[in-house]
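First comes the structure, then the notes that go with it.
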Protein chains: 2
Amino acid sequence: MTRPLLFALPGNEAMTRVLAGEIEGEIGVIEVRSFPDEETYLRFHTDVKNRSMIIVCTLDRPDAKFLTLAFAAATARELGARRVGLVAPYLAYMRQDKRFHPGEAVTSVAFARQLSAEVDWLATVDPHLHRYPTLGAIYPIPTRTAHAAPLLAAWIRSNVERPLLVGPDIESEQWVAAVADMVGAPYRVLRKERRGDRDVRISVPDLHLYSDRIPVLIDDIISSGGTMMETARHLREQHFHFVVCVAVHALLSAESYRSLRDFASAVVTTNAVPHPSNAIDLTPVIAEAVRELMI
Amino acid sequence: MTRPLLFALPGNEAMTRVLAGEIEGEIGVIEVRSFPDEETYLRFHTDVKNRSMIIVCTLDRPDAKFLTLAFAAATARELGARRVGLVAPYLAYMRQDKRFHPGEAVTSVAFARQLSAEVDWLATVDPHLHRYPTLGAIYPIPTRTAHAAPLLAAWIRSNVERPLLVGPDIESEQWVAAVADMVGAPYRVLRKERRGDRDVRISVPDLHLYSDRIPVLIDDIISSGGTMMETARHLREQHFHFVVCVAVHALLSAESYRSLRDFASAVVTTNAVPHPSNAIDLTPVIAEAVRELMI
């Protein structure tokens, strides 16, 4: 069997390079640029005919990326690629998983249909599953989910002395408990009341019992950063002078990042979404998922 | 038969309002907004069940718009809309209509396939057809093309005394000749050599014979504005003190617009793409196309 051929869509070059090493793949050259009218030009400079192909494209800010990804996959097929897989360390549109109000778009299902029409398989990391038990419930194509928890735990164990893990809400409790267990540390979760996209009221339990520990706030996604900021602020008031924030997916804007750093002593994320806070490399667990999908 | 229900995607409100008047349609309410993580939220506030529906969404800067449009169409179908048509006064991705170099994405065909999977019919204005004779060659759904030429001609006739029409290249000659004929004015076309996306070399014929006329540069699209700027500059050198630029689709950036206005006395476009230079209303010809598609 020939080696798989990996292509990085813009911004995914670093992970593609490391992943190619892990799975003994070959890196292909793809050219993607914008015309002055903001349409996309795309060209494969490496022959994909009869090759098993992997496109690496994390899906934060998905609206701007989707057509480029679709053009890449469609063109690869036209040019004779045998299989076209997608590595999307962050998978978009997992949150609107239900019609909460009449007339709403259930974008998780619509996006899954769009993406599944383009690629043969999908590997991702910790998708934000809530009402669906697995990705298979909405993605008709083969999928594999890699888990960041062991890598987050390893980072915390190596970098934080006497941590206390703090999860954002009841829904995350199982996940937080599992990470805490791997770290060998206690954990607590917050109660959270969401009043709007950016307005989240949280109640932080009294953590004086743990005053000799360093709180590590963990979550799957940092987006507005509101929850973490608010929690960090509360913990400061409880005289915790050092607060660490750890997350899988760094979706926060430059502005949110600056604000969060006013309250948190450190913000640490995985490289699922390229961001200055990245410190945990997911490539080993992604490589495992990819290997299973390529069998 | 119930009246058609029109929905404006963001930025298309003005045309939707006028179009609804022309075709005796009803305007529905759609909510579209961005979450902090730049995913799209979409909700129909007007019931679409069993309705014949029209989405109005011009497709300049298409990458950022495509998913919103796809979500709207898919959701409308789920909610029981009888038919979902698209009015896209500017239709994107008509330029890469061939694999000029190995490995290139033929985005016109790929985009046509994407769009045709979402909507039942498409009405547009002067698509940039070059190697394809008609939209039907790449769009499997019913399409209608409205023509801006009579409206451009009417504007020139009413606003420019003794015009001389100037077309950008040999390919546009037929179209320019037709507009000139409607205006009742002479025309000339340039010779153009494209060396890159932004580097276009043109040669302007000697127009001293027409020194008593006002040159009106016309084109289907102004994108970088390079051709028009260069032409206007040459005409200034030939002592034409007043140069008018007229185009159907205003794809130019704010910066290109500023630069173009340094050379052109006036820049006038249709409302196919909302832009400060819009002065020609296409709604009458679009309404005609829509009526044919809704029969």
- Output for the range B:255-281, where each listed residue is surrounded by fewer than 23 Cβ atoms within 10 Å (Cβ to Cβ) and of a type in the set (A, V, I, L, M): B:Leu260, B:Ala266, B:Val268, B:Ala279, B:Ile280
- Please enumerate the residues belonging to the range A:88-132 that are basic (Lys, Arg) and more than 14 Å from chain B (Cβ to nearest Cβ). A:Arg131
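Return the only residue of B:Leu235, B:Leu252 being at negative phi, in a helix (DSSP H, G or I) and open to solvent by less than 10 Å² (accessible area, probe 1.4 Å). I'd like the intermediate steps shown before the answer.
Details: B:Leu252 fails: in a helix (DSSP H, G or I).
Exactly one residue qualifies, and that residue is B:Leu235.
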- Can you pull out the residues in the range B:11-39 that are at pLDDT 95 or above, under 18 Å from A:Thr107 (Cα atoms) and surrounded by fewer than 21 Cβ atoms within 10 Å (Cβ to Cβ)? B:Glu31, B:Val32, B:Arg33
- Do we have any residue at all in the range A:74-89 that's assigned to a loop (DSSP other than H, G, I, E, B) and within 21 Å of A:Ala272 (Cα to Cα)? yes
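For residues in the range A:145-160 being over 16 Å from A:Ala123 (Cβ atoms) and of a type in the set (A, V, I, L, M, F, W, C), which is surrounded by the most Cβ atoms within 10 Å (Cβ to Cβ)? Walk me through it before giving the result.
Here is the first cut: in the range A:145-160, the residues over 16 Å from A:Ala123 (Cβ atoms) are A:149-150, A:152-160.
Narrowing the set further to residues that are of a type in the set (A, V, I, L, M, F, W, C) leaves A:149, A:152-156, A:160.
Working: A:Ala149: 19, A:Leu152: 26, A:Ala153: 22, A:Ala154: 13, A:Trp155: 20, A:Ile156: 24, A:Val160: 21.
Checking each candidate, the answer is A:Leu152.
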- Note on the structure: Per the list (1) crowded, with 24+ Cβ neighbours inside 10 Å; (2) modelled with pLDDT under 95, residue check on B:Cys245 breaks on (2)
- Of the residues in the range A:282-295, those that are open to solvent by less than 40 Å² (accessible area, probe 1.4 Å) and β-branched (Val, Ile, Thr) come to A:Thr283, A:Val285, A:Ile286, A:Val290
- Query: Given (1) touching a strand residue (DSSP E or B) at 6+ places or on another chain (Cβ under 8 Å); (2) modelled with pLDDT of 95 or more; (3) within 14 Å of chain A (Cβ to nearest Cβ); (4) open to solvent by 10 Å² or more (accessible area, probe 1.4 Å), where does B:Glu78 come up short, assuming only one miss?
  - Reply: (1)
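Return the only residue of B:Pro127, B:Pro163, B:Pro89, B:Pro142 being out of contact with any Pro (no Cβ under 9 Å at 6 or more places or on another chain), buried (at least 19 other Cβ atoms within 10 Å of the Cβ) and in contact (Cβ under 8 Å) with a residue 60 or more places away in the chain. Working first, answer last.
On the way: B:Pro127 fails: in contact (Cβ under 8 Å) with a residue 60 or more places away in the chain; B:Pro163 fails: out of contact with any Pro (no Cβ under 9 Å at 6 or more places or on another chain); B:Pro142 fails: buried (at least 19 other Cβ atoms within 10 Å of the Cβ).
Of B:Pro127, B:Pro163, B:Pro89, B:Pro142, the one residue that is out of contact with any Pro (no Cβ under 9 Å at 6 or more places or on another chain), buried (at least 19 other Cβ atoms within 10 Å of the Cβ) and in contact (Cβ under 8 Å) with a residue 60 or more places away in the chain is B:Pro89.
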- Does the range B:166-186 hold any residues that are in contact with a Leu (Cβ under 8 Å, 6 or more places away or on another chain), at pLDDT below 95 and either buried (at least 19 other Cβ atoms within 10 Å of the Cβ) or not in a loop (DSSP other than H, G, I, E, B) (or both), and which are they? B:Gly167, B:Pro168
- The residue from B:Ile202, B:Ile214, B:Ile222, B:Ile218 that alone is of a type in the set (A, V, I, L, M) and more than 23 Å from B:Ala153 (Cα to Cα) is B:Ile202
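Every residue, every condition in (1) in contact with a helix residue (DSSP H, G or I) (Cβ under 8 Å, 6 or more places away or on another chain); (2) not β-branched (Val, Ile, Thr), yes or no:
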{"position": "B:Leu5", "(1), (2)": "no, yes"}
{"position": "B:Glu38", "(1), (2)": "yes, yes"}
{"position": "B:Val48", "(1), (2)": "yes, no"}
{"position": "B:Asp63", "(1), (2)": "yes, yes"}
{"position": "B:Ala74", "(1), (2)": "yes, yes"}
{"position": "B:Val87", "(1), (2)": "yes, no"}
{"position": "B:Tyr90", "(1), (2)": "no, yes"}
{"position": "B:Met94", "(1), (2)": "yes, yes"}
- Query: For the range B:188-225, which residues satisfy the criterion of being touching a Leu at 6+ places or on another chain (Cβ under 8 Å) and either of a type in the set (D, E, K, R) or open to solvent by 70 Å² or more (accessible area, probe 1.4 Å) (or both)?
  - Reply: B:Arg188, B:Arg213
- Task: Give me the pairs, please: first residue somewhere in the range B:180-199 and of a type in the set (Asp, Glu), second residue anywhere and not in a strand (DSSP E or B), beta-carbon distance under 8 Å, and either six or more positions apart or on two chains.
- Result: B:Asp197/A:Phe35; B:Asp197/A:Pro36; B:Asp197/B:Ser224; B:Asp199/B:Gly226
- Message: So B:Ala287 passes all but one of these: (1) farther than 30 Å from B:Arg82 by Cα; (2) in contact (Cβ under 8 Å) with a residue 60 or more places away in the chain; (3) assigned to a helix (DSSP H, G or I). Which condition number does it fail?
- Response: (1)
- Filter the range B:205-232 down to the residues that are more than 19 Å from B:Pro186 (Cβ to Cβ) and not in a helix (DSSP H, G or I), then identify the one that is farthest from the other protein chains (Cβ to nearest Cβ). B:Asp220
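A quick yes/no check of all residues on (1) of a type in the set (Asp, Glu); (2) under 19 Å from B:Arg61 (Cβ atoms):
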| site | (1), (2) |
| --- | --- |
| B:His234 | no, no |
| B:Glu237 | yes, no |
| B:Leu251 | no, yes |
| B:Ala254 | no, yes |
| B:Tyr257 | no, yes |
| B:Leu260 | no, yes |
| B:Thr269 | no, yes |
| B:Pro284 | no, no |
| B:Arg291 | no, no |
- Flag for B:Leu135 being touching a strand residue (DSSP E or B) at 6+ places or on another chain (Cβ under 6 Å), open to solvent by less than 20 Å² (accessible area, probe 1.4 Å), under 22 Å from A:Leu115 (Cβ atoms) and away from every other protein chain (no Cβ under 14 Å): no
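Condition first: part of a helix (DSSP H, G or I) and within 13 Å of chain B (Cβ to nearest Cβ). Now tell me which residues in the range A:5-64 satisfy that. Steps first, please.
Quick first cut of the range A:5-64, residues part of a helix (DSSP H, G or I) only: A:13-22, A:62-64.
Answer for the range A:5-64, where residues must be part of a helix (DSSP H, G or I) and within 13 Å of chain B (Cβ to nearest Cβ): A:Pro62, A:Asp63, A:Ala64.
The values are calculated or read from the model by the stated rules, or taken from the named source; none is laboratory data. Note that the structure is predicted; figures quoted are calculated from it, not measured. Positions of Cβ are backbone-derived with ideal geometry, glycine not excepted, and every protein chain shown enters the neighbour counts. The area values use the complete protein model at the heavy-atom level, side chains included, leaving out ligands, DNA and RNA. Shrake-Rupley method; radii C 1.70, N 1.55, O 1.52, S 1.80 Å.
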